[in-house]
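Contents: one structure, followed by commentary.
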Amino acid sequence: MEEEKRICGLYLRVSTEDQVREGFSIPEQKERLEAFCKYNGYEIKEYYTDAGISAKTGNHRPDFERMIEDGKQGKINMIVAYKMDRLTRSMWDWEALIKYSQEYGVALAFVCEKIDTSTANGKLYSRIMMSVAQNEIERTSERTKVGLAGAIKEGHIPHRACLGYKHNNKKLVIDHTTCDVVIRIFNMYHEGASYQTISNIFNKEQVLGKTNWCDSTIYNILQNEVYKGDFVHGKRTKHPTYYEDVVEPLISKELWEECQQQKKNNSRAYKRNLTYIYLQKLKCPKCNHILGGKATKKKNGNVYYYYYCNECKCSIKEEIVDDFMKDFINEIVEYDSVVNQFFLPMMKQKIENPKDDLTKEIKEQNDKLERIKKAYINGVFKLEEYEKERKVIENNIENLEVKLSDTEICDDLKFTPEDILVKRDIDFINSIKYPTRYKQENKSWNNFTREEKANFIMNYVDEINLTQVKKSYEVEFVKFRETICKSINDLYDSGYLSREMPIIFDNELGNIRISSYLPKEKIAEHIIRLKQFYDVGYYEGTYNVQNQLFQFDYLNENHTIIRVFPLEDYSKINPNQELEGHKFGMLYIKDKNEF
C-alpha cells in the first residue's frame with residue numbers, strides 16, 4: 001500500500017523571553033523547518049505564526065487554533081514544529097494534542113526531537129520531554145514572581161500610575177499637581193456625597209480641565225488600595241497577592257476603610273428634600289436592617305422626624321436619639337472645633353507638604369509650560385489646544401505655589417498637646433466671661449443646622465444601636481469612628497482633654513470639667529500660659545473615693561472652676577481604689593475678673 005503523502009502545516013512561535021534566552025527567531029525557525037520538510041519529502045501547505053506569545057495554558061494563540069481547525073478539516077495531515085515546547089509546555093495540553101493526533105490522523109513532527117506518538121514508548125518519551133518543558137516554565141515563573149515581589153516592595157509598581165501618582169525612576173511617587181483631587185474625592189465621599197454628586201461637581205468645575213468625570217471613575221478611585229499605601233497584584237485572579245506599605249499614601253488607612261464601610265452602608269446617596277440627621281446610622285433592633293427616614297408636618301409648621309423599618313413595621317422618634325446624644329455630643333463638637341478644625345489642618349500642612357518635592361514639582365510644571373509654548377510656536381498645537389493645556393498647567397503651578405507658601409509659614413509653627421489644653425481652657429473661660437460673643441463665634445450642637453448635624457454625625461459616627469424596652473425603644477450605645485475615638489481617648493488619657501462629669505461638690509450636685517493626671521511641672525507651665533490672658537487661681541484638695549465628694553479648703557461663690565485634675569496617677573498607684581482619698585488640684589477664675 002502506498003504511504004500517505006504528508007501535507008504539512010509549519011508552526012512557528014517565539015515569545016520575547018525565548019528569543020532573548022535561546023536566540024532563535026521566526027525566520028530562523030522557518031528556514032530549519034523548510035529544510036526538514038525538503039529532506040523528508042513533505043509538502044508544505046501552510047505557515048502558522050504566533051509571535052510574542054507564550055505557550056502557557058490559557059494564552060490565546062490565533063494561528064495555533066487555525067492550524068488545529070485545518071487539521072480537523074483535512075487540509076493538513078502533519079504538524080511540524082521546531083521543538084515540542086513550540087506547541088505547548090503543558091502536560092495537560094500535550095495529552096490533548098496526542099488525542100487530537102489519533103482522532104484526526106494528524107501526525108506531529110519536530111526538527112530537534114525524534115518522537116513517534118503512535119507507539120507506547122514514543123508517548124512515554126514525549127511525556128518525559130514535556131514534563132521537562134513544563135518544569136522549566138514553572139521555574140521561570142517562580143523566578144519572575146520573586147523578582148516582581150522584590151520590585152513591588154521597593155515601590156516599583158508594575159502598572160500605569162493612577163491619578164495622584166506618577167512614575168519617577170520606575171518608582172510610584174506622589175504627583176503634587178493631582179493628589180489634592182484624590183484627597184478631595186475621599187473627603188467628599190466620607191462626608192456623604194455620592195459618586196454621581198462628586199462627578200457632577202467635578203464636571204461643573206472642570207477639575208483638571210476635564211468635563212468627562214463619571215461615577216465609575218469615582219468608584220474606581222475609592223476602591224484603589226494604592227491610595228492608602230498598599231498594592232494588590234493579580235487582583236482579578238483567584239490568588240491575588242497583597243503588599244502593604246509599598247508606596248507613600250495619600251490618605252490614612254482608617255479613612256480608606258471607613259469609605260469602604262460607607263459604600264456598604266449606602267451604595268448610592270439620593271437627593272432628599274428633608275435632612276435626616278441619623279440616616280444610615282440607625283439599625284432596627286429586631287432585624288438589624290438600616291432604618292429609613294420619614295417626617296410628618298403639623299398644621300403649626302413643625303416637622304417631626306422618625307426612623308422606620310419596613311420589615312418589622314417599627315418606628316423610632318428622632319428625639320429619642322437626640323436625648324441620648326445631648327449628654328456628650330457637645331464634648332465631641334468642642335473637640336472637633338479645637339483639634340480637627342484648628343490645630344490638625346496646620347499640623348497636617350506642615351507634615352504632608354515637603355518643601356523640596358513642591359519646589360521640584362513647580363520646576364517640572366514650568367518646564368512643561370515652556371515645552372508647550374515651543375510646540376505651539378512650531379505649529380504642533382492649535383491655539384485652542386494650547387490655551388486649554390496652558391490653563392491647566394498654570395493652575396497647577398498656582399496651587400503648588402500656595403502649598404509651598406503654606407509650608408514655609410508652618411515651618412516656624414510648632415503645635416503640641418499643651419496648645420490644645422490651653423486653647424480649650426481659654427475657650428471655657430471666654431464662655432463664662434463673654435457668653436454672648438462666645439456663642440456667636442463658637443457653635444454648640446444646639447446651634448447647628450440640621451445639615452450641619454447630619455454632616456457631623458456622618459463624619460464621626462459609625463452606627464447607633466437601639467434596643468427595645470417593652471413597647472418603646474432606647475439607644476443602647478453609639479459606635480464612633482475608630483480614628484476619632486482613638487485620638488480623643490489618647491489625648492484624654494494623657495491629661496490634655498477634659499470631660500464633663502456630674503459630681504457632688506460640698507454637698508451640691510453639679511458638673512465639672514475633669515481631666516487625667518498631668519505631671520506637676522506640666523500643670524505649672526499650663527497655669528503660667530493661662531495667666532498671660534486671665535488671672536487664674538489654684539487650689540488643692542481631696543476627693544473622697546467612697547462618698548464621691550470633693551473637699552477643698554476654700555471656694556468663693558464668685559469663683560468658677562476651670563478644671564479639676566489628680567495630683568498623682570491614681571490609675572497606676574491605686575487601680576482598685578483602696579485609698580480613701582485622692583489629692584486633686586483645681587484651677588479657677590474669678591467671675592468678675594477682667595481680661
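The values are calculated or read from the model by the stated rules, or taken from the named source; none is laboratory data. These numbers were taken from a predicted model, which means no experiment stands behind them. FYI the Cβ positions are ideal-geometry reconstructions off the backbone, even for glycines, and counts take in every protein chain you see.
Summary of computed values
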quantity	calculated
Elements of type helices (runs of 4 or more DSSP H) contained in the range 161-230, each with 3 or more residues being within 12 Å of the chain's Cα centre (by Cα)	179-190, 215-222
So Arg481, is it closer than 30 Å to Gly537 by Cβ and touching a residue at least 40 places away in the same chain (Cβ under 8 Å)	no
Neighbours by Cβ (under 6 Å, 6+ apart or cross-chain): first from the range 183-206, touching a residue at least 60 places away in the same chain (Cβ under 8 Å); second in a loop (DSSP other than H, G, I, E, B)	Ile183/Leu250; Phe186/Ile251; Ser194/Arg268; Ser194/Ala269
Residue within the range 148-157 that is modelled with pLDDT of 75 or more, farther than 27 Å from Glu394 by Cα and of a type in the set (A, V, I, L, M, F, W, C) present	no
Residues that are part of a loop (DSSP other than H, G, I, E, B) and either without any contact (Cβ under 8 Å) to a residue 24 or more places away in the chain or in contact with a Ser or Thr (Cβ under 9 Å, 6 or more places away or on another chain) (or both), drawn from the range 309-327	Asn310, Lys313, Asp327
Verdict on Arg563 being surrounded by 18 or more Cβ atoms within 10 Å (Cβ to Cβ), out of contact with any Pro (no Cβ under 8 Å at 6 or more places or on another chain) and under 20 Å from Ile432 (Cβ atoms)	yes
Enumeration of residues in the range 46-86 that are of a type in the set (A, V, I, L, M, F, W, C) and modelled with pLDDT of 85 or more	Phe64, Met67, Ile68, Ile76, Met78, Ile79, Val80, Ala81
Which listed residue, of Tyr304, Tyr219, is modelled with pLDDT of 85 or more, among the hydroxyl-bearing types (Ser, Thr, Tyr) and within 20 Å of Glu191 (Cα to Cα)	Tyr219
Gln546 within 27 Å of Ile488 (Cα to Cα) and either surrounded by fewer than 18 Cβ atoms within 10 Å (Cβ to Cβ) or modelled with pLDDT of 75 or more (or both)	no
Residue check for Glu4: modelled with pLDDT of 85 or more, surrounded by fewer than 17 Cβ atoms within 10 Å (Cβ to Cβ), within 21 Å of Lys114 (Cβ to Cβ) and not small (Gly, Ala, Ser)	no
In the range 87-97, residue modelled with the highest pLDDT [restricted to those that are crowded, with 17+ Cβ neighbours inside 10 Å, over 15 Å from Glu65 (Cβ atoms) and not hydroxyl-bearing (Ser, Thr, Tyr)]	Trp94
Selection within the range 243-267 - among the aromatic types (Phe, Trp, Tyr) and modelled with pLDDT under 80	Tyr243
The range 190-249, residues that are within 23 Å of His176 (Cβ to Cβ) and among the acidic types (Asp, Glu)	Glu205, Glu225, Asp230, Asp245, Glu248
Candidate set from the range 82-106 (those that are touching a Cys at 6+ places or on another chain (Cβ under 9 Å) and not in a helix (DSSP H, G or I)); member that is nearest to Glu28 (Cα to Cα)	Tyr82
